[in-house]
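Take a look at the structure below.
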Amino acid sequence: MCPLRAMYRRIGVSAQGGFAPPKWNEQVGAFVLNFNKRVTQASVKNFQLTTSDDPDTVFLQFGRVGKDVFNMDFKFPFSPFQAFAICLSSFDYKLCCE
C-alpha cells in the first residue's frame, strides 16, 4: 500500500483523494494548477492534494516561488510535521526530472 494512502486512512481523509489534476490553459498552452498566487514558478515539484469527496478543497499545496525557495500551505487533517514530510518526499522522487 502507498504510504500516503495509509496516512490518509489514519487521519481520516478519504483514500480516494490524491493529487489535483491540472487543467488545460489555452492562453499558456499548457496544463496548470490554480495556486491562488501562492506559487510563482513552474516546477515538476509543484502539487496539490485534494479528496474525491471535494476536489475543489486543497488540503496541502507545495510549489516553487524562487530558485531554491518553495511555499507550503496545509490545513487539517495534516499536522505541520506531516505536511513537511510529504513535501520533502517530493524532492527525492523528482530529483532526476529537473
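The values are calculated or read from the model by the stated rules, or taken from the named source; none is laboratory data. Just so it is clear, the model here is predicted, and its values are computed rather than measured. Cβ placement follows ideal geometry from the backbone for every residue including glycine, while neighbour counts extend to all protein chains displayed. Protein only, heavy atoms only, side chains kept; ligands, DNA and RNA dropped before computing areas. Shrake-Rupley method; radii C 1.70, N 1.55, O 1.52, S 1.80 Å.
So the values come out like this:
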read-out	value
Test: residue in region 48-63 that is surrounded by fewer than 16 Cβ atoms within 10 Å (Cβ to Cβ), under 21 Å from ALA30 (Cα atoms) and among the β-branched types (Val, Ile, Thr)	no
Residue that is most open to solvent (accessible area, probe 1.4 Å), among those in region 17-36 that are more than 18 Å from ARG64 (Cβ to Cβ) and at pLDDT below 85	PRO21
Residues (assigned to a loop (DSSP other than H, G, I, E, B) and either touching a residue at least 40 places away in the same chain (Cβ under 8 Å) or open to solvent by less than 20 Å² (accessible area, probe 1.4 Å) (or both)) located in region 64-79	PRO77, PHE78
Region 37-47 - residue that is among the charged types (D, E, K, R) and open to solvent by 80 Å² or more (accessible area, probe 1.4 Å) and, of those, nearest to PRO77 (Cα to Cα)	ARG38
